[in-house]
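Throughout, read-outs are computed from the coordinates displayed, never taken from laboratory work. Keep in mind that what you see is a predicted model, and the values were worked out from it rather than measured. Cβ: placed from backbone, ideal geometry, glycine included. Neighbour counts: every protein chain shown.
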Amino acid sequence: MPEIYTCQTLEGLKPIAEALIEFHKDKRIFAFHGEMGAGKTTFIKSICEYLKVTDTVSSPTYAIVNEYFTENSESVFHFDLYRLKSWTEMLEIGYEDYFFSGNYCLLEWPEKIVNLLPEETVHVSIVVSADSEERTITF
């Protein structure tokens, strides 16, 4: 049964981020689906805050992947796959090293590499209400 949350403010993302990570304690790969401007990066910032990331979290649009570190020096990998031309580009950057590292991997635009996502990937959908700034987040 999917978990469904609604949020109207940035502050409202924090408890949803906590719920996502706590609900999936044993998972490390999270795929974020949503249209441009839905708030994928903003939600990932809330998740990183919950994970106690000490680095500045920003979209890795041009780098494809950013590595952040937590207070415990653990790595968190943030992918923005929007600019990928083909899933084979993920092979070139050695995606297995990231996905099977045991570290958190947070992926924006996972549709670009759907055939490479491990079966245990947690899919998160973010939908913006047509008539407000409200977001519906489902995982």
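Based on DSSP, what percent of beta bridges with both residues in the stretch 1-111 are antiparallel, to the nearest 5? Restricted to the stretch 1-111, the bridges split so that about 40 percent are antiparallel. Annotated for the chain: lysine pairs at least 8 residues apart or interchain, Cα distance under 26 Å, count 19. In the set [x] 0.94; [y] 0.99; [z] 0.96, which value of Rg/Rh (Cα atoms, Kirkwood Rh) was calculated from the structure you see? Looking at Rg/Rh (Cα atoms, Kirkwood Rh) for this model, the match is [x]. Taking a Cβ cut-off of under 12 Å around Glu71, the surrounding Lys, Arg, Asp and Glu residues balance to a net charge of -2, with basic ones at +1 and acidic ones at -1. Label point 7 Å out from Glu3 along Cα-to-Cβ: which residues of the stretch 110-131 have amide N under 18 Å? Within reach of a label on Glu3, which here means backbone N under 18 Å from a point 7 Å along Cα→Cβ, the stretch 110-131 contributes 120-127. Of the GluC sites (Glu not before Pro) found in the stretch 4-43, the ones in coil according to DSSP and having at most 12 other Cβ atoms within 10 Å of their Cβ are Glu11, Glu35.
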